[in-house]
Amino acid sequence: MAPDEDDVDRLIAGWARERPDLDLEAMGTVARLLRSAAAVGARLEATAADHGLQVPEGDILFSLRRSGEPYRLAPAALSKALLVSSGTLTSRLDRLERKGLIERVPHPTDRRSTEVALTKRGFELADGAVGEHVENERRMLSGLTAEQRRQLDGSLRDLLAALPD
């Protein structure tokens, strides 16, 4: 194996040997994207677990924290921001409420609606965890130069824009 070869190169070589008629370049790229996403996901999960959370729960807390004072949002806004169904969101909110990290409060102008608000404990957890989260992400990308990160970010932005919803 050459020094710059990886497991994906070996996978592609096997297919190239068995199916030389296929253009396998995309397969290698997608395999590397999937493996990268799995590795990043595992590290994010570990950091969330250090705070007694699952990643989707952290996403909710971070969404509320970055919304600014009074750190509350309508469930529909959270659902849209997090790209999850209302049913999925409800179960996550129930878990966070049981942990004392959020509360459902009456909407200030619509008596028929509620909003989701960070509790003091939820605010403190989100505020403290976000620094560790950002540092974790920085460490994960530390093997790339600043220029490589900018190029990767641009390429991924282009890819996401080209993919159907």
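Computed quantities for the displayed model
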| quantity | calculated |
| --- | --- |
| One residue from 93, 33, 44 being of a type in the set (A, V, I, L, M, F, W, C) and touching a residue at least 40 places away in the same chain (Cβ under 8 Å) | 44 |
| Residue in segment 148-165 that is without any contact (Cβ under 8 Å) to a residue 12 or more places away in the chain, under 14 Å from residue 72 (Cα atoms) and not in a helix (DSSP H, G or I) present | no |
| Output for segment 59-108, where each listed residue is hydroxyl-bearing (Ser, Thr, Tyr) and not in a helix (DSSP H, G or I) | 67, 71, 85 |
| Residue 154 vs. criteria at pLDDT 95 or above and in contact with a Leu (Cβ under 7 Å, 6 or more places away or on another chain) | no |
| Residues of segment 109-144 classified as part of a loop (DSSP other than H, G, I, E, B) and surrounded by 10 or more Cβ atoms within 10 Å (Cβ to Cβ), total | 5 |
| Qualifying residue in segment 75-87 (condition: touching a residue at least 40 places away in the same chain (Cβ under 8 Å) and either surrounded by 14 or more Cβ atoms within 10 Å (Cβ to Cβ) or of a type in the set (D, E, K, R) (or both)) | yes |
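The values are calculated or read from the model by the stated rules, or taken from the named source; none is laboratory data. Please read all numbers here as calculations on a predicted model, not as lab measurements. Here Cβ is always computed from backbone atoms with ideal geometry, including for glycine, and neighbour counts include all displayed protein chains.
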